[in-house]
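Participant: One structure is given below, represented as structure tokens, and several questions about it will come after.
The values are calculated or read from the model by the stated rules, or taken from the named source; none is laboratory data. Since this is a predicted model, take the numbers as computed values, not measurements. All Cβ positions, glycine included, derive from the backbone under ideal geometry; neighbour counts span all protein chains shown. When the accessible area is computed, the model is the full protein with side chains, heavy atoms only, and any ligands, DNA or RNA have been set aside. Shrake-Rupley method; radii C 1.70, N 1.55, O 1.52, S 1.80 Å.
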Amino acid sequence: MNPEALSRRRSDDRFDGATVGPLAAAHLSRVRRLIDTGAYPETIGRQLRFISGETAEHVGWLAFDAGDHARARAYWTQASETAAELRDDSPGVLVLASMALLELREKQPRPALDHARRAAELAAPWAPPSLLSILATREARALAMLGDSA
């Protein structure tokens, strides 16, 4: 492992999702409060909502990293709702991919399959091959868990 990767790994070990997650959740609450109470042009409101959706997706990952799957699901649901409200498939695809991984970890292959397929469908027009391959892998893992030999 190169020195830079080792340094990142040590930081991750020291500052994992359980440590950083509450700080990120507090930041998200502040952003949501600004959205709910502030006065601003619609263009700024859209940007704030986009940022809150992105932040919710990141906070979900921190919760997932900490092993708190219920909290991860709640934040990813919030991020998904924000993406739908904004009619923006890009963050929606990331959330669906994250949910598929969570469901695979929880041994729930049917919803994992549904989320992986929906993410691939939304991403197909614009996603790079690397993202499509991740989604295909999640779909294949769900099918394997379901016992589908295809």
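Participant: Apply the a/c threshold of 1.5 to the C-alpha gyration tensor of the chain and tell me whether it is rounded, prolate or oblate. Before the final figure, lay out the partial values.
Facilitator: Working: a/c = 1.84, a/b = 1.25, b/c = 1.47.
Judged from the Cα gyration tensor, the chain comes out oblate (a/c at least 1.5, b/c at or above a/b).
Participant: Could you tell me which of rounded, prolate or oblate describes the range 45-124, using a ≥ b ≥ c as the square roots of the eigenvalues of the alpha-carbon gyration tensor, with rounded for a/c under 1.5 and, failing that, prolate when a/b is larger than b/c and oblate otherwise?
Facilitator: Cα axes put the range 45-124 in the oblate bin.
Participant: Sticking with this one: Can you give the helix-only mean residue ellipticity at 222 nm for the chain, where every DSSP H stretch with n ≥ 4 adds -39500 (n - 2.57) and the sum goes over all residues, rounded to the nearest 500 deg cm²/dmol? Kindly include the intermediate steps, with their values, before the conclusion.
Facilitator: Working: 7 runs with 125 residues, N = 150.
Computed mean residue ellipticity for the chain: -28000 deg cm²/dmol.
Participant: Here's something else I'd like to know. Which Cα, out of 140, 111, 37, lies furthest along the positive dipole direction of the chain (beta carbon charges, K/R +1, D/E -1)?
Facilitator: Positive-most Cα among the choices belongs to 37.
Participant: For the chain, which DSSP H helices look membrane-span-like by this rule: Cα extent along the axis of 18 Å or more and mean Kyte-Doolittle of at least 1.6?
Facilitator: Numbers: long enough: 17-37 (29 Å, 0.32); 42-65 (34 Å, -0.17); 69-86 (25 Å, -0.69); 89-105 (24 Å, 1.05); 109-123 (21 Å, -0.69); 129-146 (25 Å, 0.90).
None clear 18 Å together with a mean of 1.6.
Participant: Ignoring any ligand, DNA or RNA, what whole percent of the accessible area of the range 29-124 comes from carbon and sulfur when the probe is 1.4 angstrom?
Facilitator: Values: 2630 of 5000 Å².
For the range 29-124, the apolar C and S fraction of the accessible surface comes to 53 percent.
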